[in-house]
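This report refers to the structure that appears directly beneath it.
Every read-out reported here was derived from the displayed coordinates using simple, explicitly stated rules and does not represent laboratory data. Note that the structure is a prediction, hence the values are computed from the model and not measured. Positions of Cβ are backbone-derived with ideal geometry, glycine not excepted, and every protein chain shown enters the neighbour counts.
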Amino acid sequence: MKATFGEYIRQLRTDKGFTLTELAALLKLDSANLSKIENGKREFDEKRLDKLANAFDLDFEKLKIEYFGDQFAKKMYAYNCSTETLIVAEEKVNYLKSIKAKQAKLEL
């Protein structure tokens, strides 16, 4: 997806026919804050991802990819990082997973 996460939420909302007020109530937000999120003036709280997934019957894992992809892209853009940064990040994630797997084996 090329849109920001806020634009993505707006598209989901309009496709489903929800008003700002209706979706805000489902997310336990006020409509002004939801409007700011959709317009890129405020960040969406990751703790509400499950509510968003439920509101639109979305796969939670795919929604996390969309959300965190947006977060990474914003940071990379803000600091003018090359796409090589993503390769390094993937290597670090794999390293962290391997450490956790080794620790789990030791605990058995």
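Table for the structure above
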item	result
Boolean, Asp57 is surrounded by fewer than 15 Cβ atoms within 10 Å (Cβ to Cβ) and either over 13 Å from the mean Cα position of the chain (by Cα) or basic (Lys, Arg) (or both)	yes
Among the candidates Phe56, Phe44, residue that is in contact (Cβ under 8 Å) with a residue 40 or more places away in the chain and among the aromatic types (Phe, Trp, Tyr)	Phe56
Glu66 vs. criteria assigned to a helix (DSSP H, G or I) and touching a Phe, Trp or Tyr at 6+ places or on another chain (Cβ under 7 Å)	yes
Only one of Ala78, Ala53 that is farther than 21 Å from Val93 by Cβ and among the aliphatic types (A, V, I, L, M)	Ala53
Inter-residue pairs, beta-carbon under 9 Å, first in contact (Cβ under 8 Å) with a residue 24 or more places away in the chain and in region 93-108, second of a type in the set (A, V, I, L, M), 6+ apart	none
Test: residue in region 32-43 that is part of a loop (DSSP other than H, G, I, E, B) and surrounded by 15 or more Cβ atoms within 10 Å (Cβ to Cβ)	yes
Qualifying positions in region 73-89 - loosely packed, with under 13 Cβ neighbours inside 10 Å, assigned to a helix (DSSP H, G or I) and polar (S, T, N, Q)	none
